[in-house]
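Accompanying notes for the structure given below.
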Amino acid sequence: MFKTLKFITIFLCFSLWGIGIYGQEKAEKKRKKFIGFESGFEFMTSDVPDYTFIRGDIDYFGSGSATDYLDCLNREWYVGLKTEIRTKNDKFGLLTGFRYTRSNSYLSKSADSDYFYLLNTQDAQATEFLRIKLIDQYSDYIGIPVEIRYMPFRPRLFRLYVEIGAEFSYLINSDINVDFYNEAMEIYQDDVINKFTEPSTTYTSVYFAIGWNLNWKYKPVINLEAIIPSAFISDYSTGLINSIDGIGLQLNVQIPF
Amino acid sequence: MKKIFHVLIIITIFSLSCEEEYDLEKSVLIYDKDYNDLPAYSEWGYNTFGAYYDRKVFISNNYEIPLKVISYDNSTTFIFKGEINNPADNSYNSYYNEEMSMKLSIENFKLETYNDLLLFNDTTIDLSHPDCSIVITIDNDIFETVIISGEFEFKKVQNLTVDNEPVEIIMSGLFDYQFLLNEEPISVSNGRFDIGIGDENFYKY
């Protein structure tokens, strides 16, 4: 909670600072404006909820929960359109736009074999396991990123900047697919899917980035930035796993207007 | 920096794939949150058992078959095999661990196949019954016991199927008893087991 508040406080301070400086600029300087296309990817650190319907497979001398030896990953890629307006001193930029994000998470076995056991049904007489190789899940989100960029150095061919941003995203589509070890078990696809929850309908993330822009006069500006890190400030579940934070890369191309 | 390291580990794991076979005979030890020297009670066929033997811990290990069920003549015998160790020295590789087995025999009861074990579902055996006997073996020393009191409860005995194919019988339950060993009373308490029985650990002759 403190971490989240700290992030929001820093974000607000940057905003107010940027707005303040923006307001103090002399009228004779002309503000730069850009419109651009962005694309990027992120790898998220995630953990597996303690599912009671997945059979544990931990080392005999190990410890922990039954899901410790499951492998999970959540990765995202996105494309978007953004506009940027800079302060007259050309040191701060405010960026916003629309972003389409595809999140792909999976759950599989991490050691010893290429499947895990999932409890399908259980009654007084019998227990039925299914062998699962992989559960793969996709979610599509539409989001609004809001970013503040600070360029401490004067314009040059390669210009360093730091950035803080937040993104508010809304789920528009999701799909889940189960890869069975025995293909004949496909008939249980829906039963397995129904054991998992739906992905989060909305989420909010904040991120910090460092980047370089390549400037040519009268030509598009190319920006390459490393997101280190991004963090979810709302609970975020892909439906399979819970994501915590991540790192990534983003490339965006801006045209002045 | 820790977060970056975290992500790099995940990416590394992602790039690896394992193709080794895995089967349900493996033991999976998940410790009990309250009695943290013992395996947690489960009904998954984790092939573990454990109990306090006075203050020591009698527990399955990863080397011995945890339970053999033997149907012989007109009796049925359950042999739990593992090791006994001191909770203060909880290193399982310690040289102070000793091999231990507990042999529970029930006279006048015979099984034809391991599927007959389903008869034990939701059944409690009174160990003070004259048909029951327990023999303890610690490091090749065999001790006949005189049971004072106790119960062996099969909470759940169930068929396990994997991908719609029958695989084994899972026996899960609890046990507690007291007995005399060389005229000294001993308690076995908080015992629990969760073991799969199939062709590899059921014997009839």
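Structure summary
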item: Between the stretch A:153-179 and the stretch B:154-173, the alpha-carbon center distance in angstrom; result: 49 Å
item: Rough spin-label spacing in nm, given labels placed 7 Å along Cα→Cβ, for residue A:52 and residue A:140; result: 3.6 nm
item: Pairs of Lys in the stretch B:27-204 closer than 21 Å at Cα, counting only those 8 or more apart or on different chains; result: 20
item: Full-stretch length increase - residue A:249, residue A:224 - with 0.36 nm per residue and alpha-carbon distance subtracted; result: 8.3 nm
item: Shielding score for A:124-132, defined as the mean number of other chain Cβ atoms within 10 Å; result: 6
item: Rg followed by Dmax, in Å, when the stretch A:120-225 is reduced to its Cα trace; result: 23.5, 77
item: A versus B: buried accessible surface, summed, Å² (probe 1.4 Å, to nearest 100); result: 3900 Å²
item: Protein-only accessible surface order, largest first, of A:95, A:134, A:249 at 1.4 Å; result: A:249, A:134, A:95
item: Translational diffusion of the stretch B:114-186, µm² s⁻¹ [Kirkwood Rh, Cα pairs; Stokes-Einstein; 10 °C; 1.306 mPa s]; result: 112 µm²/s
item: For the stretch A:173-254, convex hull of alpha carbons as volume per residue, Å³; result: 154 Å³
item: Those GluC sites (Glu not before Pro) in the stretch B:99-205 that DSSP places in a loop and that have at most 13 other beta carbons within 10 Å; result: B:112, B:183, B:200
item: Solvent-accessible heavy-atom area per residue, rounded to whole Å², over the stretch B:27-204 at 1.4 Å; result: 46 Å²
item: Computed FRET value (nearest 0.05) for residue A:85 with residue A:193, which takes r as the C-beta separation and R₀ as 35 Å; result: 0.20
item: For residues of B:154-167, the mean tally of beta carbons on other chains within 10 Å; result: 5
item: Convex hull of the stretch A:158-208 built on C-alpha atoms - directionally averaged projected area, nm²; result: 6.8 nm²
item: P(r) of the stretch B:27-204 over all Cα-Cα pairs, binned every 5 Å from zero, in whole percent; result: 2, 8, 17, 23, 21, 16, 9, 4, 1, 0, 0
item: Förster radius 60 Å - calculated FRET efficiency between residue B:200 and residue A:158 (Cβ-Cβ, nearest 0.05); result: 0.35
item: Rounded FRET efficiency, nearest 0.05, which uses the C-beta distance separating residue B:113 from residue B:182 and R0 of 30 Å; result: 0.20
item: Number of partner chain Cβ atoms within 10 Å, mean per residue of B:39-49; result: 3
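The values are calculated or read from the model by the stated rules, or taken from the named source; none is laboratory data. This is a predicted model, so every value here is computed, not measured. Methodologically, a virtual Cβ is constructed for each residue, glycine included, from the backbone with ideal geometry; neighbour enumeration extends over all protein chains shown. Note: accessible area is taken over every heavy atom of the protein model, side chains too, but ligands, DNA and RNA are not part of it. Shrake-Rupley method; radii C 1.70, N 1.55, O 1.52, S 1.80 Å.
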